[in-house]
């Protein structure tokens, strides 16, 4: 496929360009987040249109063809995401390359000499390391687990298979890294993309997504038919759950639940996987009651459609406004899903406008590139500071005392033991009443900076996060700002007002254009109510809509003929809170009068 | 010391003035050949001017390809390897060399030296390549496009002449970006050298007194200028570059300051011309045949 193809051309209309220009001028004086809600909402729309035109770049698919057609592909999601687009069947399927949010010529790694400058280990030690836990007090720990749960639906670069050709980070003499090899820390490279490269890719490296790119619940259902077959009970469409109501143990990875994707496993993921596997089975039961003649396949596939859409809705209208608690954003995210009720705005924007009706049910749109998750999206979702170093387990029963775990004890092979010991309800309650870490510098969990996973070398995830962006050619912070439509900063003081941080950044980086993206995003001053940076938010504005816009099952096929009327009603009438209460009614008191289930719950 | 022209909103340009500065630009991590089309108005206009030099599938011509583009590097070294077999190639180009020698001796009145040079270069890639007046006119149009001011550029664009020229060169190059660059842009330096040879040979006895190597040294010409862009701020030993600065390297002028013949071809650097050895051999052979034919 050439770099540009007719199906993927998008140009803003004259009106949209004009509005973009007007908002550009307005934003020179007032940023979008200080404008009145409706005007600010349209400001976001102007950003999004510009991003759709300029910030979607195709890197080729990688695999030369889609798998063979299977019966049902026209009305159900395939296991690997192929045939979501019936015209471009490879689009978004597992194994296809990540796309880009910056022009390909800008997405090139530094030369070898510059790639390690400054040392990622120094950044980990001096800038990212948690000095003391800084909580995000408006959120609960379920919000942290949720975003990892969702990213596991969307993306996975694969595990580095070999230490060959690893990056070698020189360690300073006073660095006590225990796994040093001749004075260097080794960081394995991302698994390479070995598919033939298109000549127009230039110096842009490509990597493949091992998950389906779509918002299809792949973390629960898998991105591969073989895995999916393992998970299904073949009984009325249900997923396998044990007699204790929990997902079975994965024989290949003891302590991990057997589910669609169980890498980087910890108790937070286990809770959400169990919750939405139960939800799947509840949807199956309801469908079975309405359509008693349906076989296992019909029930499973319909339930998957409904469950995936419900998770997408929860993410859009509950999780996002929870993390980015700003009235304009709450308005915008609701408009994304439900549309707007204002008659005046409907008249002004026109009946065909996606803002009027919401994206679900609108026409499928790919804008300027075939749909794919992007490397830049991966980068802005590096949110490890959300994870605390300790988990306090509380019980719903008043007479049971709290128990505190080091986080390392509630992850990997230990996960299942914790779940069995404390039970689903108490752990959910514990997550609902604990705060995650704030997404900022100096708050990277210590245990992740020295993480030992089974069968893998000791890892400093903070240094790895820095190295991954550099390896994948993600522009550094200042150029990234420019490329997503924000002005470059001229000095370190413009990046951050965190006391002492500008001086620290200057000391380490010297040149403001060398600040790593992650460091810039974590240092940046945030708009009121925001849990993460406004620069990262630009990618978010684009991609949050795109995950829906490009997906046939959220656009032209988001209709009762595909989902059933029961399915549509299920999506419309349910929320995170109703899902929690359906499966764990004991949480009713803890959730009573809580406006957003991703905010702190009542402590009983 | 480099000259910096900084007009807010309009232009951010750095003009390199020494070989050391040019070398630093070549090696700087934040500087590359593809122009982003960002920054100030004239910077964007220049980028827009160079943007069409791609193959139909979007692959940039080699002179505009990124430093770290592995395919560019591979093709560059492949072409260099192919052009290093100069004895064979010069044999293949005997008819064109003979015509050019006749031109140098002023025995080919009315001949278009441009067509002959274009054909010689094209036959390095495809032995059956045939240049015509139209194909050479297309190359002239591309050259005019690169050096034209805004009004002339607009006229070339609106009349369709530029696109037609680009299409013809691309078609003649059969999808080979290196060939397109050679028969569309790079040929002009060689044409200039041959014309200088003719001037050198006429009106005196230079043809017999100068060895081919001396003649080449006197007539070899580099591209007048090339453009780079600093994506990020660069703090080097000789240069301080702001982000999104255009950097103009007056290659020919730097070559004249340098005793090194390789300066015309950036020899020894990552961006060295793959024909850095072949072009001097080719010109020397033209001079040699011209001398022998007298």
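So the values come out like this:
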| item | result |
| --- | --- |
| The one condition in (1) within 12 Å of chain A (Cβ to nearest Cβ); (2) assigned to a helix (DSSP H, G or I); (3) farther than 30 Å from residue B:8 by Cβ; (4) in contact (Cβ under 8 Å) with a residue 60 or more places away in the chain that residue B:74 fails to fulfil | (4) |
| Subset of segment A:461-473 (residues that are out of contact with any strand residue (DSSP E or B) (no Cβ under 7 Å at 6 or more places or on another chain) and either over 15 Å from residue A:112 (Cα atoms) or assigned to a helix (DSSP H, G or I) (or both)) | A:465, A:466, A:468, A:469, A:470, A:471 |
| Criterion violated by residue A:519 - all others in (1) within 12 Å of chain B (Cβ to nearest Cβ); (2) within 21 Å of residue A:101 (Cα to Cα); (3) surrounded by 18 or more Cβ atoms within 10 Å (Cβ to Cβ); (4) in contact with a helix residue (DSSP H, G or I) (Cβ under 8 Å, 6 or more places away or on another chain) satisfied | (1) |
| Condition met for residue A:407 (at pLDDT below 95 and within 30 Å of residue A:534 (Cβ to Cβ)) | yes |
| Failed item in (1) buried (at least 17 other Cβ atoms within 10 Å of the Cβ); (2) under 22 Å from residue A:459 (Cα atoms), with residue A:162 passing the rest | (1) |
| Failed item, numbered, when residue B:101 is tested on (1) touching a helix residue (DSSP H, G or I) at 6+ places or on another chain (Cβ under 9 Å); (2) within 14 Å of chain A (Cβ to nearest Cβ); (3) surrounded by 15 or more Cβ atoms within 10 Å (Cβ to Cβ) | (2) |
| Of residues in segment A:79-121 being under 24 Å from residue A:154 (Cα atoms) and without any contact (Cβ under 8 Å) to a residue 40 or more places away in the chain, the one surrounded by the fewest Cβ atoms within 10 Å (Cβ to Cβ) | A:89 |
| Among (1) surrounded by fewer than 23 Cβ atoms within 10 Å (Cβ to Cβ); (2) more than 14 Å from chain B (Cβ to nearest Cβ); (3) over 21 Å from the mean Cα position of the chain (by Cα); (4) over 30 Å from residue A:285 (Cβ atoms) - the single one residue A:540 does not satisfy | (3) |
| Test: residue in segment A:361-371 that is at pLDDT 95 or above and in contact with a strand residue (DSSP E or B) (Cβ under 7 Å, 6 or more places away or on another chain) | yes |
| Selection within segment B:224-247 - assigned to a loop (DSSP other than H, G, I, E, B) and either buried (at least 23 other Cβ atoms within 10 Å of the Cβ) or touching a strand residue (DSSP E or B) at 6+ places or on another chain (Cβ under 9 Å) (or both) | B:225, B:231, B:232, B:233, B:239, B:242, B:243, B:244 |
| Among the candidates B:165, B:180, residue that is within 14 Å of chain A (Cβ to nearest Cβ), outside any loop (DSSP other than H, G, I, E, B), buried (at least 22 other Cβ atoms within 10 Å of the Cβ) and out of contact with any strand residue (DSSP E or B) (no Cβ under 6 Å at 6 or more places or on another chain) | B:180 |
| Among the residues listed as A:255, A:242, the single one being surrounded by fewer than 20 Cβ atoms within 10 Å (Cβ to Cβ), more than 14 Å from chain B (Cβ to nearest Cβ) and out of contact with any helix residue (DSSP H, G or I) (no Cβ under 9 Å at 6 or more places or on another chain) | A:242 |
| Helices (runs of 4 or more DSSP H) wholly inside segment A:62-174 that include at least 2 residues being more than 24 Å from the chain's Cα centre (by Cα), within 14 Å of chain B (Cβ to nearest Cβ) and modelled with pLDDT under 95 | A:112-115 |
| Residue A:434 under 26 Å from the mean Cα position of the chain (by Cα), in a loop (DSSP other than H, G, I, E, B) and more than 14 Å from chain B (Cβ to nearest Cβ) | yes |
| Selection within segment A:493-510 - within 14 Å of another protein chain (Cβ to nearest Cβ) and out of contact with any helix residue (DSSP H, G or I) (no Cβ under 9 Å at 6 or more places or on another chain) | A:510 |
| Qualifying residue in segment B:192-200 (condition: under 15 Å from the mean Cα position of the chain (by Cα) and part of a loop (DSSP other than H, G, I, E, B)) | no |
| Among the residues listed as A:178, A:192, the single one being surrounded by fewer than 22 Cβ atoms within 10 Å (Cβ to Cβ), in a loop (DSSP other than H, G, I, E, B), within 14 Å of chain B (Cβ to nearest Cβ) and modelled with pLDDT under 95 | A:192 |
| Some residue of segment B:247-270 being at pLDDT 90 or above, closer than 16 Å to residue B:26 by Cα, more than 14 Å from every other protein chain (Cβ to nearest Cβ) and more than 16 Å from the chain's Cα centre (by Cα) | yes |
| Any hit, segment B:40-63, residues being out of contact with any strand residue (DSSP E or B) (no Cβ under 6 Å at 6 or more places or on another chain), closer than 22 Å to residue B:5 by Cβ, surrounded by fewer than 19 Cβ atoms within 10 Å (Cβ to Cβ) and at the interface with another protein chain (Cβ under 10 Å from one of its Cβ atoms) | no |
| Among (1) crowded, with 19+ Cβ neighbours inside 10 Å; (2) within 14 Å of chain A (Cβ to nearest Cβ); (3) not in a loop (DSSP other than H, G, I, E, B) - the single one residue B:67 does not satisfy | (3) |
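The values are calculated or read from the model by the stated rules, or taken from the named source; none is laboratory data. Values in this document were obtained by computation on a predicted structure and should not be read as measured data. When we count neighbours, we look across all protein chains shown, and the Cβ atoms used for this are built from the backbone with ideal geometry, even at glycine.
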